[in-house]
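Asks: This is the structure I have questions about; it appears just below.
The values are calculated or read from the model by the stated rules, or taken from the named source; none is laboratory data. A quick note: this is a predicted structure, and the numbers were derived from the prediction, not measured. Here Cβ is always computed from backbone atoms with ideal geometry, including for glycine, and neighbour counts include all displayed protein chains.
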Amino acid sequence: MSFKEPHELHKRRFGRNLGVALVLTSFIFIVFGLTYVKITRGDYEPANASVER
Amino acid sequence: MSDASINTQASTNEASFGDYFALLKPRVMSLVVFTAAVGLLAAPGSLHPFEAFCAILFIAVGGGASGALNMWFDSDIDQKMKRTQGRPIPAGKVQREEALAIGVALSGFSVVMLGLATNFVAAGLLAFTIFFYAVIYTMWLKRWTPQNIVIGGAAGAFPPMIGWAAVTGGVAIESVLMFTLTFMWTPPHFWALCLFMKSDYKDAGVPMLHVTHGRRVTRNHILVYTILLAIIAIGMAFTGVGGPIYLTTALVLNALFLAGAVSIWRRDEDVSEADGYKREKAFFALSLLYLFLHFGAILAEALLAPYGLGGW
């Protein structure tokens with residue numbers, strides 16, 4: 001099977017596959033965004049960060 | 001059966017992305033999103049806007065997951081009722097097993113993600129809500145008792161409590177009152193729908209109140225629950241989430257809602273049938289506006305509070 005000529009199935013399911021791709025991409029951005037917010041706010045400081053030296 | 005025939009069959013009745021999305025009951029999800037957002041914004045304290053967005057998203061996904069589990073379990077009932085025959089499973093677009101898989105996967109996903117995004121009190125409440133709707137209501141109460149919608153209504157009432165818990169990490173009297181408002185609103189809202197949906201539930205063998213006890217009893221119950229709802233809704237005006245905007249809204253809406261309930265109570269089947277259940281339909285439409293405006297007023301009080309305008 002050639003990659004140049006998509007199977008009829010791929011054409012038929014394009015909408016569904018695009019939807020899944022968008023959902024998964026959005027999830028990546030959500031995890032990244034949450035991580036960024038929590039790290040920059042200092043929610044996850046190292047355990048010994050408050051120990052005075 | 002040849003490959004060609006399989007392909008033809010698949011192409012005529014194949015599920016689109018929208019069919020899978022429809023399993024999540026988007027219209028119910030919009031109510032969940034709105035009430036959860038109000039609970040979140042009315043709570044003392046704050047979340048980072050992105051965390052708040054994620055919290056509401058995961059609450060909505062959890063609500064959607066319970067909708068998919070409901071469609072999986074109730075596909076036999078959905079097939080018999082006109083109102084639900086177009087849903088993806090009875091329409092033959094999505095397989096029951098697919099709905100189950102999506103429901104279970106999204107349940108786990110939404111609970112874990114809400115826990116990581118906010119806290120595990122909110123996540124625990126979301127898990128309980130999904131369990132309550134899918135197991136207690138769908139699998140047990142719905143086919144067993146005419147009080148199904150009264151007790152089962154709790155599932156739809158939890159989102160503002162989850163939104164509140166996402167910010168505070170706990171439960172408070174205000175969040176319980178927001179829960180109670182939706183909880184008490186559900187029976188008159190649903191029973192009004194039952195009155196003009198005629199024989200749908202009877203055909204499906206679901207023991208709704210009007211099927212087991214008759215329409216007269218249902219009309220009486222609508223009135224009683226509307227009176228109890230009015231007491232709670234107006235009483236909420238004098239708590240932490242209330243204020244002059246909320247009080248005015250509650251007084252007007254509850255007067256209209258009570259008038260509608262009295263009107264339904266005074267009518268009998270002959271009168272209702274003669275005008276095509278006009279009052280019952282108007283009461284149902286008002287019930288949607290009722291809940292939206294009550295929560296809208298709570299939101300307005302919360303948003304105006306920083307400017308010294310909201311609250312007492």
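Asks: How many residues are more than 30 Å from B:T239 (Cα to Cα), surrounded by fewer than 21 Cβ atoms within 10 Å (Cβ to Cβ) and not β-branched (V, I, T) if we restrict to the stretch B:255-278?
Replies: Qualifying residue count, the stretch B:255-278: 13.
Asks: Of everything in the stretch B:127-152, what is surrounded by 19 or more Cβ atoms within 10 Å (Cβ to Cβ) and under 14 Å from the mean Cα position of the chain (by Cα)? Give them in sequence order.
Replies: B:T129, B:I130, B:F132, B:Y133, B:A134, B:Y137, B:T138, B:N148, B:I149, B:V150, B:G152
Asks: If you check B:M71, B:M161, B:M113, B:M81, which single one turns out to be in contact with an Asp or Glu (Cβ under 8 Å, 6 or more places away or on another chain), buried (at least 22 other Cβ atoms within 10 Å of the Cβ) and not assigned by TED's automatic domain parsing to the domain that holds B:P187?
Replies: Testing whether each residue is in contact with an Asp or Glu (Cβ under 8 Å, 6 or more places away or on another chain), buried (at least 22 other Cβ atoms within 10 Å of the Cβ) and not assigned by TED's automatic domain parsing to the domain that holds B:P187 leaves just B:M71.
Asks: How many residues does the stretch B:178-204 contain that are among the small types (G, A, S) and without any contact (Cβ under 8 Å) to a residue 12 or more places away in the chain?
Replies: 1
Asks: Report yes if B:F238 is out of contact with any strand residue (DSSP E or B) (no Cβ under 7 Å at 6 or more places or on another chain), of a type in the set (F, W, Y), exposed (fewer than 15 other Cβ atoms within 10 Å of the Cβ) and not assigned by TED's automatic domain parsing to the domain that holds B:G39, otherwise no.
Replies: yes
Asks: Among what's in the stretch B:105-119 and is among the hydrophobic types (A, V, I, L, M, F, W, C) and within 14 Å of chain A (Cβ to nearest Cβ), pick the residue that is nearest to B:F158 (Cα to Cα).
Replies: Within the stretch B:105-119, the match that is nearest to B:F158 (Cα to Cα) is B:L114.
Asks: Which one of these does B:I56 not meet: (1) facing chain A (nearest Cβ under 9 Å); (2) modelled with pLDDT of 95 or more?
Replies: Status for B:I56: all satisfied but (1).
Asks: Give the residue that is farthest from the other protein chains (Cβ to nearest Cβ), with candidates limited to residues of the stretch B:19-37 that are modelled with pLDDT of 95 or more, in a helix (DSSP H, G or I) and crowded, with 24+ Cβ neighbours inside 10 Å.
Replies: Among those residues, the one meeting the criterion is B:T35.
Asks: Give the number of residues within the stretch B:79-88 that are under 19 Å from B:S16 (Cβ atoms) and touching a residue at least 60 places away in the same chain (Cβ under 8 Å).
Replies: The qualifying residues number 2.
Asks: Take the stretch B:287-312 and flag every residue that is buried (at least 19 other Cβ atoms within 10 Å of the Cβ), over 23 Å from B:S46 (Cβ atoms) and of a type in the set (A, V, I, L, M).
Replies: Within the stretch B:287-312, just B:L291 meets the criteria.
Asks: Tell me, which helices (runs of 4 or more DSSP H) lie completely within the stretch B:232-312 with 1 or more residues that are under 26 Å from B:G39 (Cβ atoms)?
Replies: It comes to B:244-266, B:278-304.
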